[in-house]
Each structure stands twice: as structure tokens, then as C-alpha cells.
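Below is one structure, written out as C-alpha cells; the observations come after it.
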Amino acid sequence: MADIAIIGAGPAGLMAAEVLAEAGLAVTVYDRMPSAGRKFLMAGRGGLNLTHSEPMDRFLPRYGSAAGRLEPLIEGFTPQTLIAWAEGLGQPTFVGSSGRVFPKALKASPLLRAWLARLQGLGVQLRPRHDWTGWDVEGRLRFKTPEGESTALPDATVLALGGASWPKLGSNGAWTNLLEGQGVRVNPLKPANAGFEVAWSHILRDRFAGEPLKGVAVTFGRTRVRGEAMVTRHGLEGGAIYALSAALRDAIGKDGSARLWIDLRPEASAAQLEARIALAPADQSLANRLRKSVHLTPLETNLLREAHGKDLPSDPAALASAIKGAPLTLTGVRPIERAISTAGGVAFEALDDGLMLTQKPGVFVAGEMLDWEAPTGGYLLQASFATGAAAADGLLRRLGVQPKSA
């Protein structure tokens with residue numbers, strides 16, 4: 001029986017472990033944290049958005065430039081496959097109003113417990129507190145443990161160490177130097193689904209940090225996204241911002257800043273807003289006129305002042321135009337340690353079709369270590385699960401072992 005090492009006990013690594021163990025291989029999963037799935041559990045705090053229900057012709061483009069490379073992998077482990085897998089673990093799912101798919105429990109812990117129990121039943125061994133430090137001169141895997149250094153010499157290895165966001169949960173990006181030292185092409189890791197910095201006035205920063213902008217439309221370039229944003233002490237974050245994260249990050253990297261436009265009332269036209277504002281008594285304060293006529297919150301009114309200047313126009317047409325387009329200058333990207341995910345990683349050109357490193361035969365790569373990114377909405381976990389399954393399939397083909405489904 002072949003002996004397989006998987007390094008990283010997140011969704012990609014555990015899915016690879018399941019596929020390989022079901023095929024009859026001896027699997028050991030190593031992780032530097034005290035327990036498995038730390039970041040997976042963190043994702044579950046927001047409801048555990050497993051995947052998305054939209055058609056594949058809309059789903060795949062969410063992965064941007066990596067869509068072509070991910071397409072066969074996701075078609076091999078589709079959103080429907082992921083839903084059926086979760087329900088097979090006793091975790092029924094539902095589709096939310098936005099099309100996102102969640103377990104009915106709305107958290108990760110029941111799913112992870114059932115998954116780990118299944119893996120244990122398949123004979124998978126979990127080795128926590130094993131921090132991978134590379135290979136020795138004889139090709140053995142090296143680990144730093146509380147008891148000292150240990151080594152392993154498996155028949156094949158799957159690397160699923162994640163990116164570099166939330167390093168306290170396990171993924172610290174230290175593997176980049178290890179792989180580059182082996183001649184593997186690794187594109188620089190960058191924050192994805194990150195917040196952005198705005199030079200707020202002290203009034204907005206101190207009074208409104210932590211408050212949401214609900215139902216807004218955010219535009220950058222030719223892309224317009226409806227959703228929610230959150231004002232922070234440093235700037236902006238939230239789903240609508242994350243959807244534009246890659247383009248905004250790249251623009252800031254190139255030009256030093258990026259101009260974002262926020263439509264505070266996307267459901268109404270400028271003419272409709274103008275008519276409502278014109279009906280408000282002119283003797284009221286501007287804030288009251290905006291609150292009563294178009295229901296602007298104090299945060300939204302102050303955001304208009306941040307965007308257009310402290311003295312807003314009194315003319316209804318000009319006010320309506322300001323509400324429909326509030327420009328904000330983003331001056332930086334929040335640190336990668338605070339990002340939800342990362343871009344960059346092992347270049348697909350460094351891999352064969354089975355996700356094996358061409359510079360390290362017998363070593364496969366899965367999950368966020370690969371150079372892809374996607375917005376939140378279920379796309380991150382879907383690709384992590386799918387690439388874990390794909391790496392396992394590639395490993396089985398190399399060893400000439402038939403997968404369970406064959």
C-alpha cells in the first residue's frame with residue numbers, strides 16, 4: 001500500500017486525503033496548528049458559504065485570468081458535487097436569496113466534525129503541530145515539532161498549505177521560499193478580498209467606523225457591483241469592495257491610488273431622487289432634507305461630504321447627482337495578514353495537468369497555494385475543494401491506482 005503525506009489540514013488537504021484514502025492508500029495529514037481546519041472554522045463564522053448556485057457560464061468567470069486553468073478542475077468537482085458531499089456528511093444545505101449555498105447549520109464546526117470522523121474511519125492519520133520545513137538531502141520531508149525535528153519519506157506528497165492571510169490560523173506563506181529554492185516558479189503573494197485605505201476625516205473615522213453601507217452600488221472602471229460595504233477606521237471593506245478587489249489592488253500598485261464611485265441609491269434614478277428632494281421643505285437642515293426625502297443615514301450624508309466637500313449643494317439636481325456618484329480615493333491595500341484570501345502562488349506553468357510540480361516529481365499542489373483568486377460568495381471554498389480532489393486524482397494516476405469512483 002502506497003504511503004501518502006498531505007501537508008495542510010484545510011479544505012484542499014482534507015479533500016485530497018479523503019479521495020486518496022477511499023482509493024485504499026495510507027494517508028497521513030500534517031499540519032503546523034494544534035487542530036485541523038482552523039481557517040475553515042473561521043470562514044464558518046459568517047455562515048460558511050460553501051459554493052454558489054449560479055450557472056457555470058457565470059460561475060467560472062469569477063476566477064478571472066485563472067478561469068481557463070480551473071475550469072476542468074471545477075468541472076471534475078462541481079458545486080453540485082460539493083453540495084452532495086456536504087449532505088452525505090449529514091449537513092443539509094440551502095440556497096440563500098443571493099444564490100449562495102450554505103449548510104442549514106450556518107456554521108463549519110458540525111461539518112468539520114463529521115468530516116474528520118469520516119477520515120478517521122478511512123484510516124487517515126492526523127499529525128498536528130508538525131511545521132513543514134522542506135526536504136533533507138535524501139528527499140525526506142522535514143518537520144519541526146514540539147518534540148524536535150521529525151522526517152517522513154512518503155511515496156508521494158500533496159502540499160496544501162494555503163496562502164498568507166490570517167497566519168495565526170495556519171497559512172503563513174513560509175512555503176514560498178521552500179519551493180523557490182527547488183526551482184519552482186512562485187508568483188508573489190498579494191492580498192485578495194482585502195480592505196482598502198481611505199484618508200477619512202476624523203469625524204467619519206471616529207463616529208462611523210464599523211457601520212455598513214447597505215444596498216449600494218460600487219463602480220470601478222467599467223465594473224459595477226451592487227452589495228454592501230463597511231466603513232472601517234482605515235477605509236472600506238465588505239462584499240461589494242471584495243468583488244472589485246483584484247482590479248483595485250492592481251490599480252493602486254500601478255498608480256498609487258484608485259478612484260471608486262459609490263451610488264448610495266442604485267434603486268432610484270437621478271431624476272427620481274431630484275423630485276423627492278425638491279419636495280422637502282427648504283427651511284430644514286440639509287441633513288434632515290436628505291433623511292426625510294431619500295432616507296439617507298447620518299453615515300451616508302457624511303460620506304457625501306467626504307466625497308464632494310463639506311459644503312454640499314442645496315440644489316436638488318446637484319444633490320441627486322452627488323448621491324448617485326460619490327467618488328472616493330483609495331490610497332492603499334490593507335496588509336495581507338488581514339485579507340480574507342491571497343492571490344499569487346505556485347504558477348500553473350510549474351505544474352502538469354495533474355497538479356504535480358514538474359521540478360519535484362511526486363509532489364502535488366492544491367488549494368490557495370495555487371495562483372488563482374476569486375471574490376467571496378462561495379468561489380473560494382469551491383476551488384479549494386476542487387483542486388484538492390484534482391491533486392488527489394493526479395496522484396492516483398501517477399501511481400496507477402483507480403479512484404473509488406472509477
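Quick test for you: out of Lys360, Lys310, pick the one residue that is surrounded by fewer than 21 Cβ atoms within 10 Å (Cβ to Cβ), touching a residue at least 40 places away in the same chain (Cβ under 8 Å) and of a type outside the set (Asp, Glu).
Numbers: Lys310 fails: touching a residue at least 40 places away in the same chain (Cβ under 8 Å).
Result of the check over Lys360, Lys310: Lys360.
Any residue at all in region 208-225 that is more than 24 Å from Ala270 (Cα to Cα), within 18 Å of the chain's Cα centre (by Cα) and assigned to a strand (DSSP E or B)?
no
Within region 1-69, which helices (runs of 4 or more DSSP H) (wholly inside it) include 1 or more residues that are touching a Gly at 6+ places or on another chain (Cβ under 7 Å)? Before you say what the answer is, go through the steps one by one.
Working: elements: 11-22, 38-43, 56-59.
Ranges flagged: 11-22, 38-43.
Any idea which of Ala105, Ala199 is surrounded by 15 or more Cβ atoms within 10 Å (Cβ to Cβ), assigned to a loop (DSSP other than H, G, I, E, B) and hydrophobic (A, V, I, L, M, F, W, C)?
Working: Ala199 fails: surrounded by 15 or more Cβ atoms within 10 Å (Cβ to Cβ).
None of the others qualify; the one that does is Ala105.
Residue under question is Thr176, and the condition is that it be in a strand (DSSP E or B) and polar (S, T, N, Q); does it hold? It would help to see each step written out before you state the result.
Details: in a strand (DSSP E or B): no; polar (S, T, N, Q): yes.
Criteria not met by Thr176.
Being surrounded by 16 or more Cβ atoms within 10 Å (Cβ to Cβ) and either over 16 Å from Val198 (Cβ atoms) or out of contact with any strand residue (DSSP E or B) (no Cβ under 7 Å at 6 or more places or on another chain) (or both) is the filter here; which residues of region 246-261 pass it?
Once the filter is applied, which keeps residues that are surrounded by 16 or more Cβ atoms within 10 Å (Cβ to Cβ) and either over 16 Å from Val198 (Cβ atoms) or out of contact with any strand residue (DSSP E or B) (no Cβ under 7 Å at 6 or more places or on another chain) (or both), region 246-261 yields only Ala246.
Kindly establish whether Leu264 is within 19 Å of Arg207 (Cβ to Cβ) and surrounded by fewer than 19 Cβ atoms within 10 Å (Cβ to Cβ). I'd like the intermediate steps shown before the answer.
Details: within 19 Å of Arg207 (Cβ to Cβ): yes; surrounded by fewer than 19 Cβ atoms within 10 Å (Cβ to Cβ): no.
Answer is no for this residue.
Does region 226-239 hold any residues that are over 15 Å from Thr329 (Cβ atoms), outside any strand (DSSP E or B) and not hydroxyl-bearing (Ser, Thr, Tyr), and which are they?
Arg233, Gly238, Gly239
State which residue is nearest to Leu213 (Cα to Cα) when the search covers only region 287-342 and only residues that are assigned to a loop (DSSP other than H, G, I, E, B) and of a type in the set (Val, Ile, Thr).
Going through the qualifying residues, I end up with Thr297.
Regarding Ile277, is this residue buried (at least 20 other Cβ atoms within 10 Å of the Cβ) and over 20 Å from the mean Cα position of the chain (by Cα)?
Working: buried (at least 20 other Cβ atoms within 10 Å of the Cβ): yes; over 20 Å from the mean Cα position of the chain (by Cα): yes.
Yes; evaluated as a whole, the condition is true for this residue.
For (1) surrounded by 20 or more Cβ atoms within 10 Å (Cβ to Cβ); (2) aliphatic (A, V, I, L, M), each residue gets a yes or a no:
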residue	(1), (2)
Asp136	no, no
Pro146	no, no
Glu149	no, no
Leu159	yes, yes
Gly170	yes, no
Ala174	no, yes
Leu179	yes, yes
Gly183	no, no
Thr232	yes, no
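Values quoted throughout were computed directly from the atomic coordinates according to the rules given, and no laboratory measurement underlies them. Note that the coordinates shown come from a computational prediction; the quantities given were computed from them, not determined experimentally. Please note: Cβ atoms are built from the backbone with ideal geometry, for glycine as well, and neighbour counts cover all protein chains shown.
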